[in-house]
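Here is the structure we will look at, set down as structure tokens.
Quick note: the coordinates plus some simple rules give every number you see, no bench work behind them. Since we're looking at a predicted model, the values are computed, not measured. Counting neighbours? That spans all protein chains shown, and the Cβs are built from the backbone with ideal geometry, glycine included.
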Amino acid sequence: MAESYRSGFVNIFGAPNAGKSTLLNLLLGERLVIVSPKVQTTRHRILGILSEPGYQVVFSDTPGIIEPKYKLHQKMMLQVKSALEDVDVAILVHDINLPAEELEIITNSLKLKVPAILLLNKTDAMKDKGAIDGIVKQYKERYPGWEVLPISARKGKGTDKIMPLVLKALPEGMPFYPDDSISDRNERFFVAEMIREQIYALYEEEIPYHTAVIIQSFEEKPTLNVIKAEIIVSRETQKIILIGKGGSMIKQLGINARKEIEEFLQKKVHLELFVKVRPKWRDNENYLREYGYNG
Ligand SMILES: Nc1nc2c(ncn2[C@@H]2O[C@H](COP(=O)(O)OP(=O)(O)OP(=O)(O)O)[C@@H](O)[C@H]2O)c(=O)[nH]1
């Protein structure tokens, strides 16, 4: 007899830098979520959908769990909370090299009521691999009823055990989305994320943190796409840094971002970047809404 179809929502939680985006990319097999060595890159609640014969899993990657300092941060926390309300399974990602107390801060604030899978990530970075089993046992005692798996999202180690656990916890049901949709966000969104990812790669800490990207126009022509994007910063000095001497930095940014976008869209791209100064955009409700940070 054929197994019944399963579908549901899975949210991935964890401290900034725990490896949530890396994991999601691995599970989806598509490079959809921004990955950066710097913290707090994932501001958006991104849905990725895994459709396989027999099941559909809708994943969301939530923003890093942090103290709300600016309005932007408050919105991120709201997204974390709302993500919990419609979830079937929670995946918690924790760096196995960090103390258990750091995970506790998160689990205390989440108050999970759904099945949880705890992934102890970055086993590849451990000095003493022999300690893994003992650590897993400790976490199992700390969180009775939870599944605990040691993994390396970066190396794809232990990760094949994740989906069977997820599926076990998913309810029976019909697919939520058509089979071919990889995400409910449109291409513009991913293009903006790719530009932002390249800003992270190219500039020092402070700059990416103060930056938002919006796509002004996205024109599809037969042989290429013409994309115009605005990079929003809060101060004139940031604009100067972004542009660089004689425009050298923004030129490099444009080249790097274009390469990524062309690979994603599988099409030639003409990319134009404009830098705009909008003082205090991070504290302004209207701007936040305009840039897609919906509370
Ligand atoms: N050594 C090692 N590094 C990893 C592993 N998984 C992720 N990383 C690295 O950890 C850093 C953070 O990874 P992300 O996937 O961006 O983490 P995140 O949890 O999504 O971070 P935020 O977006 O800030 O919430 C990146 O430099 C990754 O390459 C792993 O299994 N082993």
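Charges were assigned to the Cβ only: +1 to each Lys and Arg, -1 to each Asp and Glu. The resulting dipole of the stretch 123-173 about its Cα centre is roughly 200 debye.
Projecting label points 7 angstrom from Cα along Cα→Cβ for Ala131 and Phe274 puts them 5.4 nm apart.
The length gained by stretching the chain between Asn97 and Glu263 to full extension, at 0.36 nm per residue less their Cα-Cα distance, is 56.3 nm. Label-point separation (nm) for Met174 and Asn108, each offset 7 Å from Cα along Cα-to-Cβ? Each label point lies 7 Å from its Cα, and together they span 4.5 nm.
The label point for Leu167 and the one for Glu206, both projected 7 Å from the Cα toward the Cβ, are 5.1 nm apart. With both residues required to sit in the stretch 187-290, DSSP beta bridges show an antiparallel share near 45%. DSSP beta bridges confined to the stretch 112-246 are antiparallel in about 70 percent of cases.
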